[in-house]
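Each remark here refers to the structure printed beneath this line.
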Amino acid sequence: MVFTSSAVTLEWNRNNLILKRGASQILINAENVQSLRTQENEETFVQFFRTTALQNREARRVFLSWERKDTELLTKIYKEMMS
């Protein structure tokens with residue numbers, strides 16, 4: 001499956017996940033990527049992503065604005081990581 005979103009682009013770099021839109025970017029570090037990949041289902045994945053992988057309030061705020069542009073964004077990231 002290929003990741004496609006109208007809101008962001010996704011890039012892998014040394015097991016880090018980088019989400020980008022314009023000048024904004026969010027880095028999910030390799031340690032959190034590993035934890036995300038071991039989540040049992042999409043619900044626990046989303047919970048971990050929102051509370052831990054997005055490491056600060058600014059990252060959460062930016063991600064929420066991207067989700068308003070693409071309501072399926074987290075599901076797409078989940079599928080990308082589990083593929």
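Here are a few things to note about the model shown:
- Residues of type aspartates and glutamates that K79 reaches as a straight line, Cα spacing below 12 Å, ignoring anything fewer than 8 places off in the same chain: E42
- D (Stokes-Einstein, µm²/s), Kirkwood Cα radius, the chain, 1.306 mPa s at 10 °C: 125
- For the chain: accessible area per residue (Å², 1.4 Å): 63
- Over the chain, DSSP H runs of length four or greater, each weighted -39,500 (n - 2.57), average out per residue to a 222 nm ellipticity of -13000 deg cm²/dmol.
- Residues of type aspartates and glutamates that K20 reaches as a straight line, Cα spacing below 13 Å, ignoring anything fewer than 8 places off in the same chain: E11, E67
- Carbon and sulfur %, accessible surface of the stretch 3-82 computed with the full protein complex present, 1.4 Å: 43
The values are calculated or read from the model by the stated rules, or taken from the named source; none is laboratory data. Remember, it's a predicted structure, so these values are computed and weren't measured experimentally. Heads up: the accessible areas ignore ligands, DNA and RNA and are worked out on the full protein's heavy atoms, side chains in. Shrake-Rupley method; radii C 1.70, N 1.55, O 1.52, S 1.80 Å.
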